[in-house]
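Input: a single structure, listed below in structure tokens.
The values are calculated or read from the model by the stated rules, or taken from the named source; none is laboratory data. Since the structure is predicted, the reported quantities are computational estimates derived from the model, not experimental observations. Methodologically, a virtual Cβ is constructed for each residue, glycine included, from the backbone with ideal geometry; neighbour enumeration extends over all protein chains shown.
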Amino acid sequence: MHRVDGWRAVVPVVCLLAGMLFAVSRTTAGDDPSGGRTVQLSELVRDTEQRAAAAEAQRSELSGQLQAVQRAAAGSDGRTAAAQQRAQRLAPHVGLTPLSGPGLTVTLTDAPRGEDGRYPRGVEPDALVVHQQDLQSVLNALWAGGAEAMGVQDQRLITTSAVRCIGNTLLLDGRTYSPPYVVTAIGDPERLSAALDAEYGVQVFRQYAQTYGLGYDVAESRTVSVPGFDGAVRLDMAQEVVR
């Protein structure tokens, strides 16, 4: 009899706690911006790319307006005209103008997937895709081989350019790219090719290419072209290197 009385006292407390727990759970679910649904990463990437494209279009429009203002100012102010002439003389040296000449093109691609869209079993996925160090090894080799100018995909590389890879997606100056990755270098084709052969990182990638089917192609040409850099060139932070 005493046990029954004890349960009568405990049951209301348990019900109260259960009700509070249900209310908290409902409130927490209501605060979930995704409504409890899983947001696909591809949708987030696509949304970010669309916003980046819109920002790029706005930047291009504002850049055109700025150039118009500069031309108008140069027509009425001698100091402004002199500064613009000096900037035009320096532009080729910092990569702001398109350039053409003899050189070569290097193309890096992931290993092909099967008919089911998957990589072969028993092989680590990291061994089948192009990584940041692979692309960086190619760039380092070409610079060491005397490249006068270089471009990756549709962008010109300058001293402040940074190649970053997230998974097998390339991030370069705010734009994203998927393989194949195309590197274009202007310079002596023989020297550039020899520098690629001598670079250890490139040698490792070529071994993986032979073993797992990744793509590595070098094409020499009498004339290749790289665009002018069209981004911001201001250096916000720098530190002197003491040797």
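Things worth noting here:
- Looking across the range 152-168, just one residue is touching a residue at least 40 places away in the same chain (Cβ under 8 Å) and under 26 Å from E124 (Cβ atoms), and that is N168.
- Taking the listed residues R164, R191, R175, R156, the one that is among the basic types (K, R) and farther than 30 Å from E61 by Cβ is R191, with no other qualifying.
- Cβ-Cβ distances below 8 Å connect the following pairs, each with a first residue in the range 126-144 that is in the same structural domain as T169 (by TED's automatic domain parsing), a second residue that is among the polar types (S, T, N, Q) and not in a helix (DSSP H, G or I), and a separation of six or more residues or different chains: V129/N168; V130/T109; V130/N168; H131/N168.
- Scanning the range 76-106 for residues that are loosely packed, with under 12 Cβ neighbours inside 10 Å and either modelled with pLDDT of 80 or more or at positive phi (or both) turns up just one, S100.
- Within the range 204-226, tally of residues that are in contact (Cβ under 8 Å) with a residue 40 or more places away in the chain and in contact with a Leu (Cβ under 9 Å, 6 or more places away or on another chain): 15
- Conditions (1) at pLDDT 85 or above; (2) in contact with a Ser or Thr (Cβ under 8 Å, 6 or more places away or on another chain): number failed by T109: (2)
- First in the range 183-203 and more than 17 Å from V224 (Cβ to Cβ), second anywhere and of a type in the set (D, E), Cβ under 9 Å, 6 or more apart: G201/D134; V202/D134; Q203/D197
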